[in-house]
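Right, one structure below, let's go through it.
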Amino acid sequence: MKHINNLFDKFKEKRKEIKEKLEGKYEEKIYAPFNSGSYAKHTAINSKFDLDLAVPFKRNSFSTIEEMFNDVFEFLKEEYNDLAYVRKQKVSIGVEFYRDTDGDIIQIDVVPGRELSKDAYPEEYYLNININTYDGTYTQTNIQAQIENIKGKQDARQIIRLLKIWKCQKNKDFKSFFMELIVIKAFDNKIISGNLWEKLKIVLEYIKDEITRENFSLKDPGNSSNDIAKTLDSYQKNSLKNDFQNILDNVELNEENLKNYFKENEKFKEVESESKNLYRVNNSSSVIIPPSNQFG
């Protein structure tokens with residue numbers, strides 16, 4: 001993310017502005033809004049990202065979760081009527097600011113949630129969040145627990161960023177949260193060490209071996225009854241298994257193929273003299289994988 005400091009500052013300023021507007025609007029109805037999503041987890045990539053803001057509402061603020069969601073949507077839509085496209089997403093409200101004078105488009109996702117019972121949030125951090133359907137559906141989650149689940153796991157975060165870049169470049173439609181949890185599970189179940197490629201290789205092998213097993217599950221740390229593995233159907237799981245087998249086979253055949261799967265962001269390529277400190281497939285091979293901050 002260091003390559004886009006100026007752009008990232010714009011994102012943070014807009015998120016701060018939205019946070020202050022929500023605090024001014026809802027005052028005693030909410031607890032302090034907080035940063036969530038990939039930036040809070042240190043898994044953001046600079047080729048595709050937005051910033052997330054979670055807004056914890058108190059139990060008595062609204063009679064229903066859907067009413068809370070719609071009220072925040074209407075407020076943001078009115079506030080940014082001429083400045084941004086505000087839309088309802090699955091569990092969040094997207095605020096996409098129109099292109100600025102530098103040609104940049106800033107997007108902030110706002111996730112409203114309501115505590116389960118009165119005064120419980122400061123102790124438990126559980127929230128009910130709206131699922132944007134026609135039947136008033138909602139789900140329980142703990143965003144703080146999801147953030148804590150990846151805290152301090154630097155090696156896992158490296159691999160998550162790589163696979164998010166692959167996902168983005170190959171236009172895969174499963175959620176990044178799925179990839180985050182399955183990488184963490186690989187680190188929990190395998191001894192993973194070595195250089196960046198060696199770590200990635202072990203993770204890919206774990207995923208391809210485990211993803212299609214009948215009882216394979218990925219429990220959401222924010223809600224243990226929510227199995228994220230079920231967000232992929234059998235076809236998607238087999239497709240992912242085949243994708244990762246192909247990566248392993250093709251890199252074994254020719255290590256240069258790694259460049260086809262994990263491309264550098266052309267806008268942020270380092271100068272040649274700096275690129276010599278790159279990761280290798282093995283100790284004698286040509287350099288292939290750049291440090292994580294060059295990806296995406």
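The values are calculated or read from the model by the stated rules, or taken from the named source; none is laboratory data. The shown structure was predicted, so the numbers you read here are calculated from the model rather than taken from an experiment. In this analysis, Cβ positions are derived from the backbone assuming ideal geometry, glycine residues included, and neighbour counts consider all displayed protein chains. Note: accessible area is taken over every heavy atom of the protein model, side chains too, but ligands, DNA and RNA are not part of it. Shrake-Rupley method; radii C 1.70, N 1.55, O 1.52, S 1.80 Å.
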*Does region 154-260 come out rounded, prolate or oblate by the C-alpha gyration tensor, with a ≥ b ≥ c the root eigenvalues, rounded set by a/c under 1.5 and, if not, prolate when a/b is larger than b/c and oblate if not?*
prolate
*In degrees between 0 and 90, to the nearest 10, how far off the longest principal axis of the chain does helix 65-79 point, with axes built from Cα atoms?*
90 degrees
_Given all pairs of different Cα atoms, what value in angstroms does the Kirkwood hydrodynamic radius of the chain take?_
20.8 Å
*Read phi for every residue in region 104-116 and hand back ³J(HN,Hα) as whole Hz from Karplus 6.51 cos²θ - 1.76 cosθ + 1.60, θ = phi - 60°, with x for Gly and Pro.*
8, 10, 9, 10, 10, 9, 9, 10, x, x, 10, 4, 6
*Prolate/oblate/rounded label for region 113-183 (Cα gyration tensor, a/c 1.5)*: oblate
*Positive-end residue of Tyr126, Ile108, Asn171, charge dipole of region 61-187 with Cβ unit charges*: Asn171
*Where the only charges are on Cβ atoms (+1 Lys, Arg; -1 Asp, Glu), what is the dipole of region 103-217 about its Cα centre, to the nearest 20 debye?*
540 debye
_Within region 133-153, list the residues whose amide N lies under 14 Å from a label point set 7 Å along Cα→Cβ of Asn223._
133, 136-146
*Can you give the % of DSSP beta bridges in the chain that are antiparallel, to the nearest 5?*
80 percent
_Long pairs among Lys88/Lys172; Lys201/Lys259; Lys164/Lys241; Lys153/Lys237; Lys14/Lys164; Lys185/Lys230, criterion Cα-Cα beyond 18 Å_ = Lys88/Lys172; Lys153/Lys237; Lys14/Lys164
*Provide the per residue accessible area, probe 1.4 Å, for the chain, rounded to a whole number of square angstrom.*
52 Å²
*Counting pairs of Cα atoms in region 1-149, how many percent are more than 20 Å apart?*
48 percent
*the chain, accessible surface, carbon-and-sulfur percent (1.4 angstrom probe)*: 42 percent
